[in-house]
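Take a look at the structure set out below.
The values are calculated or read from the model by the stated rules, or taken from the named source; none is laboratory data. Please read all numbers here as calculations on a predicted model, not as lab measurements. Cβ: placed from backbone, ideal geometry, glycine included. Neighbour counts: every protein chain shown. Surface accessibility is based on the protein's heavy atoms, side chains included, excluding ligands, DNA and RNA. Shrake-Rupley method; radii C 1.70, N 1.55, O 1.52, S 1.80 Å.
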Amino acid sequence: MKLAGLLLLVAGWGIVMSAVALLPSLMGRAGFALAGVAVELLGLALFVNSHLVLSAGKG
Amino acid sequence: MVPMACVGLALVNTGLGRARSAAHAMLSSLCVCSVAAIVYVIIGFSFQGTPGGQAHVFAIGGKTWNWIAAEPFFLRRLRLDFSPVSLIVLLQIFSVGLASLIPLSSGADRWRLGATCVSTALLAGLTYPLFAHWVWGGGWLAQLGANYGVGSGFVDGGGCSTIQVVGGLTALSITWILGPRPGKYTPEGTSAAIPGHNVVLVLLGCLFAWIGWLGLNSSGAILFGGAEPSRVILVAVNTTLSAAASALMAAAVTRIRFGGPDASLVANGWLAGLVASSAGASFLKPAAGILVGAVAGALVPFAIDLLESRLGVDDPGGAISVHAIGGLWGLCAVASLSEVGAQSGSRGQWLAQLVGMATLLGFVLPLTYGLNWLLNRVYRQRVDVEGEWRGMDLQELGAGAYPEFVVHSDDFIQG
């Protein structure tokens, strides 16, 4: 789960970068950039959750 | 003035930690600043560079993407006089030290001295210069406006992202890798309060930090934000107003929640106001400066509570909330409240700031976590269990900070 979270963080950033580099209109870029940030937040949530599970396991 | 910010953070970190680790915390601060300065001069600046300097560039669709500087190591091509480039180098030596102090706060009471030094070398030699090149060295984030018409490009005059958020995300990585302090969480997951040992040091640190931030925001605005020197007064006013509003808001929030103002949370509120002001202090009107601080001050107590109680993140000094979350809010404020957003079109500037924040979350956080995870595999970063109970002072330094006082009772319980 930790690795999946990490990969989603990077993938979200990739979406944002691609939107800026490839799309011509501001609205299109903004829409894809927001989608990329949403993917990042999903990755962050997975990452946080994986550490919660690890902490519970140690406790 | 800028080193005063380092003095302030060192005092805050020490005061919010335990008495049995106080000398270790101050010594770590000295060592971290030393390592950061030396590593930055040897290799860091060669990756960061300055606008218009040598850099590795590639093109996508006819647009150039400036990724990393290609200056020689050891500042060999520079004449260190009063030129703007040499002033940038000097400011960056202080700034990278400040960024390196932030993770010390979250790793307090359990982070080994040797590991802090190696981790700092990774931050000062790679993570910090790389992102700082993108923002301040003429890199692709700064060029978003010129290349793609996205607002004025990513704007951060005083190091809100490069220093504060990068430091805060490194602090988050360190907290996850080290794990919580013993006694912080019950087996059921309920968090216990471990108060800082000296709130006077913490509050004194806030006042030192104020002086440091006045220098940091002013010099950053002139050297990186292109502001006229006459704007220094506006920068100082906004920095002060933001910190003041943030501290008062944190005091009000903690009074409502706990029945009285909590000194350590108010101190964190003050710092969060300074952090949030960094991005746009030279572009904000004073009323906006107050609003930036007030929002930061309202955010910090809730963020600290959320991280500690719900997310199991043991951050003794609140560095993640103050520097990462406060910093992200400051970056948003540039787009929504500053003259930059008004001049270049608010939507475009929002997108530029969003791309910068996405880069922090999607690139800097995985990079800094990965580097520290690898370091932890080859060189254990956390002190052993016995050392944690004895305290870092006795374990690593052989003597306590307050030898004439009995400062904690755990030794006797354990013994």
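Please verify whether the range B:51-61 includes one or more residues that are assigned to a loop (DSSP other than H, G, I, E, B), within 14 Å of another protein chain (Cβ to nearest Cβ) and open to solvent by 70 Å² or more (accessible area, probe 1.4 Å). Checked the range B:51-61: at least one residue is assigned to a loop (DSSP other than H, G, I, E, B), within 14 Å of another protein chain (Cβ to nearest Cβ) and open to solvent by 70 Å² or more (accessible area, probe 1.4 Å). Say whether the condition of being at pLDDT 90 or above, open to solvent by 30 Å² or more (accessible area, probe 1.4 Å) and under 24 Å from residue A:44 (Cα atoms) is met by at least one residue in the range B:283-296. Within the range B:283-296, one or more residues are at pLDDT 90 or above, open to solvent by 30 Å² or more (accessible area, probe 1.4 Å) and under 24 Å from residue A:44 (Cα atoms). Being surrounded by 20 or more Cβ atoms within 10 Å (Cβ to Cβ), on the phi > 0 side of the Ramachandran plot and within 12 Å of chain A (Cβ to nearest Cβ) is true of residue B:312.
Quick check, is residue B:292 in contact (Cβ under 8 Å) with a residue 60 or more places away in the chain, more than 14 Å from chain A (Cβ to nearest Cβ) and among the hydrophobic types (A, V, I, L, M, F, W, C)? Considered against the rule, which asks whether it is in contact (Cβ under 8 Å) with a residue 60 or more places away in the chain, more than 14 Å from chain A (Cβ to nearest Cβ) and among the hydrophobic types (A, V, I, L, M, F, W, C), residue B:292 comes out as no.
For the range B:5-13, the condition holds for at least one residue, the condition being that it is closer than 12 Å to residue B:202 by Cα, among the β-branched types (Val, Ile, Thr) and open to solvent by 40 Å² or more (accessible area, probe 1.4 Å). Scanning the range B:159-187 for residues that are away from chain A (no Cβ under 13 Å) and either among the aliphatic types (A, V, I, L, M) or farther than 23 Å from residue B:55 by Cα (or both) yields a total of 9. Would a scan of the range B:313-320 turn up a residue that is hydrophobic (A, V, I, L, M, F, W, C), in a helix (DSSP H, G or I) and within 16 Å of the chain's Cα centre (by Cα)? Yes, there is a match, as at least one residue in the range B:313-320 is hydrophobic (A, V, I, L, M, F, W, C), in a helix (DSSP H, G or I) and within 16 Å of the chain's Cα centre (by Cα). Taken together, the criteria exclude residue B:79 from residues that are among the charged types (D, E, K, R) and touching a residue at least 24 places away in the same chain (Cβ under 8 Å). Among the residues of the range B:35-50, just one is surrounded by fewer than 18 Cβ atoms within 10 Å (Cβ to Cβ) and touching a Gly at 6+ places or on another chain (Cβ under 8 Å), namely B:42. When the range B:364-393 is filtered for residues that are open to solvent by 40 Å² or more (accessible area, probe 1.4 Å) and free of Cβ contacts under 8 Å to residues at least 60 places away in the same chain, the ones remaining, listed by number, are B:374, B:377, B:378, B:384, B:386.
The single condition among (1) open to solvent by 50 Å² or more (accessible area, probe 1.4 Å); (2) within 13 Å of chain A (Cβ to nearest Cβ); (3) over 23 Å from residue A:27 (Cβ atoms) that residue B:346 does not meet is (3). Within the range B:239-262, the set of residues being more than 19 Å from the chain's Cα centre (by Cα) and either under 13 Å from residue B:158 (Cβ atoms) or among the β-branched types (Val, Ile, Thr) (or both) comprises B:253, B:254, B:256.
Within the range A:12-57, the set of residues being closer than 24 Å to residue B:60 by Cα, touching a residue at least 24 places away in the same chain (Cβ under 8 Å) and open to solvent by 50 Å² or more (accessible area, probe 1.4 Å) comprises A:15 only.
Suppose we keep only residues that are surrounded by fewer than 17 Cβ atoms within 10 Å (Cβ to Cβ) and part of a loop (DSSP other than H, G, I, E, B) within the range B:62-77. Which one would you say is farthest from the other protein chains (Cβ to nearest Cβ)? In this case the residue turns out to be B:76. Return yes when residue B:355 is within 14 Å of chain A (Cβ to nearest Cβ) and either more than 26 Å from residue A:7 (Cα to Cα) or of a type in the set (A, V, I, L, M) (or both) and no when it is not. For residue B:355, the condition - within 14 Å of chain A (Cβ to nearest Cβ) and either more than 26 Å from residue A:7 (Cα to Cα) or of a type in the set (A, V, I, L, M) (or both) - is met.
Scanning the range A:12-34 for residues that are touching a helix residue (DSSP H, G or I) at 6+ places or on another chain (Cβ under 6 Å) and more than 8 Å from chain B (Cβ to nearest Cβ) returns A:15, A:19, A:23, A:32. Of the helices (runs of 4 or more DSSP H) that lie entirely inside the range B:99-150, those containing 3 or more residues that are open to solvent by less than 10 Å² (accessible area, probe 1.4 Å) span B:113-122, B:128-136. Can you name every residue in the range B:276-289 that is part of a helix (DSSP H, G or I) and under 21 Å from the mean Cα position of the chain (by Cα)? Selection gives B:276, B:277, B:289.
Might you let me know whether the range B:269-278 holds any residue that is hydrophobic (A, V, I, L, M, F, W, C), open to solvent by 10 Å² or more (accessible area, probe 1.4 Å), without any contact (Cβ under 8 Å) to a residue 24 or more places away in the chain and under 19 Å from residue B:196 (Cβ atoms)? For the range B:269-278, residues hydrophobic (A, V, I, L, M, F, W, C), open to solvent by 10 Å² or more (accessible area, probe 1.4 Å), without any contact (Cβ under 8 Å) to a residue 24 or more places away in the chain and under 19 Å from residue B:196 (Cβ atoms): absent.
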